[in-house]
Amino acid sequence: MDAMAVGFWGAYFGTVGLLLAGSIAAFARSLQRVAVSAALFALISAIYFAAYLDWIPLGEQPTRLRWLSQISVASAAVLASMVLAMLGVLRNPRRGRLVRMSIGAATLTVIGIEWLLTTDQALALGSAITISMAFAMLYVCIRSAERGDRLAWWAVTGVSFMILAIAGLSVIARNPPAAPLWVHAVSAVSGMFYVSVMATALWIRYSYLIELRQVVTHGPSYDPITRMRSHSETGQMVGLAFFGHAKGDTRPVGVIAVAIGNFYMLEQLHGRAAVNHALFVCGNRLRRCVPGQVETGRLGDDGFLLLVRGFRNEDVLAELAATVAERLGRPVTLSTSAAPADLEAGRAYWEAQVGVGVVAAQPGQRPSQAITTARDMARTAWTYPSRVAKQEPGTGAVVEVPGFTAP
């Protein structure tokens, strides 16, 4: 096979490998349904492609062609069932059982017929059935998209690329090394787009299940806007941080309060939907920029609370506070209503007026005092260029944290 063709196929199998690595990471985070579905899409496609490229030993040419005809039909049946499940067509148990039994019976019938045909006839039948099933899935995806399922357009794109790949592999099947380079290139690139698009569609479809699991797990302690601890749960977090450590522990607790000063103005100008969107964005940014050992939660209606245990010195707290101030202060375009069109096309340009207060609460200090002090300092920090304030160790005066810039 031409070296360039090998390079294209190497890129395709590299894409499959990345998808499998992502699936393993998702599985490790208890996202089994997303992980298994994405891994199956990738593995079945990879086996199908490798078999057609003659990279899986299937015996002499006649035997190989017969096996290819059966692999193509079986792969198409499984992938079709997964596409239908992703689109919600199989959500009804009775209909799902009927569709799966029909696909299974049709697949077994075609495989049985292929054993009665010559190898060339069996391969031709397998390719025809596979392409027919792909076009049938394309039709189902288009119909779902026309009924308003925006995810279906992702499926339309992915299945379209799969049809291109199947057509190319049908040309390659008989003699892979002799196939033109452009056929290898088109097939490999189409395969890469197929697995990437379908993995994205799967994540979009099942991501709401992850959100639902968090809601069910945390119940009233879960804030659905910021996806953090609610106000009551934040109080429990504070209690554990200040009173849950071992007796005799002399290490201070780092308290970082974040206050955002222009939520009220945003609501007056653009409504509550814009404020909810802003809270959602701030919560996302905050979760992404703080280390895993830092505990976070809501603080009132306009702020957040971070608790840090076991820090080395106050400079670590100051650096984290500067990072938080920089990330939350980045501008964003917000939606002004819950209408689907407005959710995608933001109409309000907004930049958070962020203030961050840093307090190293000493053992024995009341948590309410430390949090109130940090919150007041955060509001004072609105007037500082760095937007970060801390207490001066000797005098206790509130001063700006200079010289820190977020990475």
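Go through 58, 90, 43 for me and flag whichever is assigned to a loop (DSSP other than H, G, I, E, B) and within 20 Å of residue 199 (Cα to Cα).
Only one candidate passes the filter, namely 90.
Restricting attention to segment 116-135, which residues are loosely packed, with under 15 Cβ neighbours inside 10 Å and in contact (Cβ under 8 Å) with a residue 12 or more places away in the chain?
Correct list: 120, 135.
In segment 260-315, which residues are among the basic types (Lys, Arg) and touching a residue at least 40 places away in the same chain (Cβ under 8 Å)?
285, 287, 298, 309
Conditions tested, residue by residue: (1) of a type outside the set (D, E, K, R); (2) crowded, with 17+ Cβ neighbours inside 10 Å; (3) modelled with pLDDT of 85 or more; (4) in the same structural domain as residue 281 (by TED's automatic domain parsing).
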| position | (1), (2), (3), (4) |
| --- | --- |
| 110 | yes, yes, yes, no |
| 152 | yes, yes, no, no |
| 181 | yes, no, yes, no |
| 199 | yes, yes, no, no |
| 202 | yes, yes, no, no |
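Mind checking which pairs have a first residue in segment 71-89 that is over 20 Å from residue 53 (Cα atoms) and a second that is polar (S, T, N, Q) and crowded, with 20+ Cβ neighbours inside 10 Å, Cβ under 7 Å, 6 or more apart or different chains?
Every condition considered, the pairs that remain are 77/107; 82/37; 87/144.
Has segment 115-131 got at least one residue that is modelled with pLDDT of 90 or more and more than 28 Å from residue 87 (Cα to Cα)?
No, there is no match, as no residue in segment 115-131 is modelled with pLDDT of 90 or more and more than 28 Å from residue 87 (Cα to Cα).
If you take the residues of segment 264-304 that are closer than 16 Å to residue 231 by Cα and touching a Gly at 6+ places or on another chain (Cβ under 8 Å), which of them is modelled with the lowest pLDDT?
Out of the qualifying residues, it is 302.
Determine whether residue 132 is hydroxyl-bearing (Ser, Thr, Tyr) and either under 25 Å from residue 5 (Cα atoms) or outside the structural domain of residue 71 (by TED's automatic domain parsing) (or both).
no
Which residue is nearest to residue 263 (Cα to Cα), if the candidates are limited to segment 345-383 and must be in contact with an Asp or Glu (Cβ under 8 Å, 6 or more places away or on another chain) and modelled with pLDDT under 90?
Filtering segment 345-383 for residues that are in contact with an Asp or Glu (Cβ under 8 Å, 6 or more places away or on another chain) and modelled with pLDDT under 90, the one nearest to residue 263 (Cα to Cα) comes out as 360.
Are any residues in segment 274-289 in contact with a helix residue (DSSP H, G or I) (Cβ under 8 Å, 6 or more places away or on another chain) and either over 14 Å from residue 354 (Cβ atoms) or surrounded by fewer than 19 Cβ atoms within 10 Å (Cβ to Cβ) (or both), and if so, which ones?
Correct list: 274, 275, 285, 288, 289.
Taking the conditions exactly as written (touching a residue at least 12 places away in the same chain (Cβ under 8 Å) and either closer than 30 Å to residue 205 by Cα or out of contact with any Asp or Glu (no Cβ under 7 Å at 6 or more places or on another chain) (or both)), does residue 102 satisfy them or not?
Judged against the criteria, residue 102 is not a match.
Could you list, in sequence order, the residues of segment 90-108 that are under 23 Å from residue 138 (Cβ atoms) and either modelled with pLDDT of 85 or more or surrounded by 17 or more Cβ atoms within 10 Å (Cβ to Cβ) (or both)? So that I can check it myself, show each step before the final result.
Here is the first cut: in segment 90-108, the ones under 23 Å from residue 138 (Cβ atoms) are 90-92, 95-96, 98-107.
The answer is 90, 98, 99, 100, 101, 102, 103, 104, 105, 106, 107.
If you check residue 333 against the conditions, is it among the β-branched types (Val, Ile, Thr), farther than 14 Å from residue 356 by Cβ and crowded, with 18+ Cβ neighbours inside 10 Å?
No, not satisfied.
May I ask you to list the residues in segment 168-185 that are assigned to a helix (DSSP H, G or I) and touching a helix residue (DSSP H, G or I) at 6+ places or on another chain (Cβ under 7 Å)?
168, 169, 170, 171, 172, 181, 183, 184, 185
Where the second residue is in a strand (DSSP E or B) and the first is farther than 21 Å from residue 302 by Cβ and lies in segment 372-396, which pairs have Cβ atoms under 7 Å and are six or more apart or on separate chains?
If the second residue must be in a strand (DSSP E or B), the pairs left are 391/359; 391/398; 392/399.
The values are calculated or read from the model by the stated rules, or taken from the named source; none is laboratory data. Treat the numbers as computed from the prediction; the structure is a model and nothing was measured. Note that each Cβ is placed from the backbone with ideal geometry, even for glycine, and that neighbours are counted across all protein chains shown.
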